[in-house]
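Please treat every number below as a calculation from the coordinates, not as lab data. Everything quoted here is computed from the prediction, not taken from an experiment. Backbone-built Cβ (ideal geometry, glycine too); neighbour counts: all protein chains shown.
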């Protein structure tokens, strides 16, 4: 009962209603994120349809090892985040904090690997503009989309890491209860960012391999 | 003490086990998609890899994001963005795929690239200059 009074906020009349409201609100927000990334995915789809050969050549130049490691890291982070959410439901404060910090750590590892990959890409002149390394001009379209899509995804992930880390700090300090609906809201955002990467991986790293 | 541990330790172990199975399935799909990317599948490779990606996203959305256990309202919210996306893709490709339309040949934009041997694959395939 004291847990319910800690969790309940205005304007909600009950905790179940509040949880439903959080899930509803976050999914509406994620719908706007689908619109956002959808525009980029549509651009990719149109240019890949117009320039299939150039996109195959360009995609072949991406490093599938970096991409695969990053995908594995994010899938694992989603797994840990789900366990964290259920730990929240069980009221297990320290276990929840451990899982949240592990999730944030896996996200940081993703950003570190992405940074190494970006450094390699810059070194091999895969940045569109003067001095671009590849031959058909349309390969620059692929890499323009690559930098924008992965860059914006990385920004989203960094925001997610800050949210998860901040949530862990609040729970550890006792500022919010472990059963707070904020855990579910954060969890939904994190899984969504992971979903975006799953599609990005298939678009950027897999074509042009044979 | 041991009974307390059994009551509190069990749910955590069940959590790791239940969602660990989903994680294993996701990693297996990842392995399949990477391996098959090295097989010459032609135009089917995009369908296969996006299909596997779609399956992974479905597992994350249904199981990790708990859409299976959510209310109808929340499930509706989750698909609204995808519904809008399908409209956007349909309208846009309805334009691009019919720009080289001569007397009713649907998909001539994609067909032209495969039907003309020796054609420069790096040139746009829809008559875009």
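Give or take rounding to whole Å, what are the principal axis extents of the alpha carbon atoms in region A:116-198, in descending order?
57, 20, 15
Once both axes come from the Cα atoms, what is the angle between helix A:181-204 and the longest principal axis of chain A, in degrees from 0 to 90, rounded to 10?
10 degrees
If I take R0 = 30 Å and measure r between the Cβ atoms of residue B:98 and residue A:35 in this structure, what FRET efficiency does the formula 1/(1 + (r/R0)^6) give, to the nearest 0.05?
Efficiency at R0 = 30 Å is approximately 0.75.
Note the full-extension length gain between residue A:116 and residue A:162 as 0.36 nm times their separation in residues minus their Cα-Cα distance, in nm to one decimal.
Roughly 14.5 nm would be gained on extension.
For the residue pair residue A:17 and residue B:91, what label-to-label distance in nm results when each label sits 7 Å from Cα along the Cα-to-beta-carbon direction?
3.8 nm
For region A:28-116, what does the alpha-carbon gyration tensor say about shape, rounded, prolate or oblate, given a ≥ b ≥ c as the root eigenvalues, a/c under 1.5 as rounded, and a/b over b/c as prolate?
oblate
What Kirkwood hydrodynamic radius, in Å, does region B:18-67 give when the mean of 1/r is taken over all pairs of distinct Cα atoms and then inverted?
11.5 Å
Would you calculate, for chain A, the mean residue ellipticity at 222 nm contributed by helices, counting each DSSP H stretch of 4 or more residues as -39,500 (n - 2.57) and dividing by all residues, to the nearest 500?
Calculated mean residue ellipticity at 222 nm is -28000 deg cm²/dmol.
For the protein assembly as shown, restrict the atom set to alpha-carbon positions and state the Rg and Dmax in Å.
Values for the protein assembly as shown (Cα only, Rg and Dmax): 22.6, 81 Å.
Convert 20 °C to kelvin, take the viscosity as 1.002 mPa s, use the Kirkwood radius over C-alpha pairs of region A:57-210 as Rh, and evaluate the Stokes-Einstein diffusion coefficient in µm²/s, rounded to a whole number.
For the chosen part, D equals 129 µm²/s.
Students often check this: by mean Cβ neighbours within 10 Å, which of A:72-82, A:11-21, A:165-175 ranks highest, and how do the rest follow?
A:72-82, A:165-175, A:11-21
Evaluate the relative contact order of chain A (contact order divided by residue number), counting alpha-carbon pairs under 8 angstrom at least 6 apart; express in whole percent.
36 percent
Can you tell me the alpha carbon radius of gyration of region A:158-210 divided by the globular rule-of-thumb value 2.2 N^0.38 Å?
1.60
How much FRET efficiency would the formula 1/(1 + (r/R0)^6) give for residue A:8 and residue B:72, where r is the Cβ-Cβ distance and R0 is 22 Å, rounded to 0.05?
Efficiency at R0 = 22 Å is approximately 0.35.
Averaged over A:78-84, how many beta carbons belonging to a partner chain fall within 10 Å of each residue's beta carbon?
That average works out to 6.
Just report the Cα centroid separation between region A:159-210 and region A:1-66, whole Å.
10 Å
Which order do A:5, A:187, B:70 fall in if you start with the one that has the fewest other Cβ atoms within 10 Å?
Ascending number of Cβ neighbours within 10 Å: A:5, B:70, A:187.
With a 10 Å Cβ neighbour count serving as the proxy for reagent exposure, in which order, fewest first, do B:64, A:95, A:36 appear?
Ascending Cβ contact count within 10 Å gives the list A:36, A:95, B:64.
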